[in-house]
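For reference, the structure discussed in these notes is given below.
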Amino acid sequence: QVQLVESGGGLVQPGGSLRLSCAASGRLFNRYVMGWYRQAPGKQRELVATITSGGSTNYADFVKGRFTISRDNAKKTVALQMNSLNPEDAAVYYCNLRAIVGESWGQGTQVTVSS
């Protein structure tokens, strides 16, 4: 079983930056996809970005050019650097890990964008 723990959320002003981190523990296989999803109040959870074990990335159109996902396979961590944040980015951000045997979710970290 895999456990994911997120950190780095908080309050930021419009135009500001935040960096989210997620650490995985437990039994991990060599190949798995890690990613970030978000869910705003009254909306469905949506994909933000994913990254494979080999480093291939995929971004939602609404974050391209603003957010950067990265991972450290040795440390079993994934990070999301978020720049140029706007109020529409406010949500609970969830770390996700998908492997051939299933997927795991973190508990979520709140990101608030407000002046």
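The values are calculated or read from the model by the stated rules, or taken from the named source; none is laboratory data. Here the structure is a predicted model, which is why all the values come from computation and not from measurement. Glycine also receives a Cβ, built like all others from the backbone with ideal geometry; neighbour counts cover every protein chain displayed. Remember, those area values only see protein heavy atoms, side chains included, never the ligands or the DNA or RNA. Shrake-Rupley method; radii C 1.70, N 1.55, O 1.52, S 1.80 Å.
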Worksheet item: Toward the positive end of the charge dipole of the chain, about the Cα centre and with charges on Cβ (Lys, Arg +1; Asp, Glu -1), which of 13, 93, 50 goes farthest?
Response: 50
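What is the sum of charges around residue 34, taking Lys and Arg as +1, Asp and Glu as -1, for the other residues whose C-beta is under 14 Å from the C-beta of residue 34? Intermediate values should be presented prior to the final figure.
Values: positive: 31, 71, 75, 76, 98; negative: 6, 72, 103.
Charge balance near residue 34 sits at +2.
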Practice prompt. Kindly sort 6, 103, 46, 88 by accessible area of their heavy atoms, largest first, with the probe set to 1.4 Å.
Written response: 88, 103, 46, 6
Practice prompt. Take 7, 115 and sort them by solvent-accessible surface of the protein heavy atoms, 1.4 Å probe, largest at the top.
Written response: 115, 7
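Once neighbouring chains are kept in place and the probe is 1.4 Å, which whole percent of the accessible area of region 1-61 is contributed by carbon and sulfur? Write down the numbers at each step before the final one.
Working: 1650 of 3600 Å².
So the carbon and sulfur contribution to the accessible surface is 46 percent.
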Fill in: the chain - charge dipole about Cα centre, Lys and Arg +1 at Cβ, Asp and Glu -1, debye rounded to 20
300
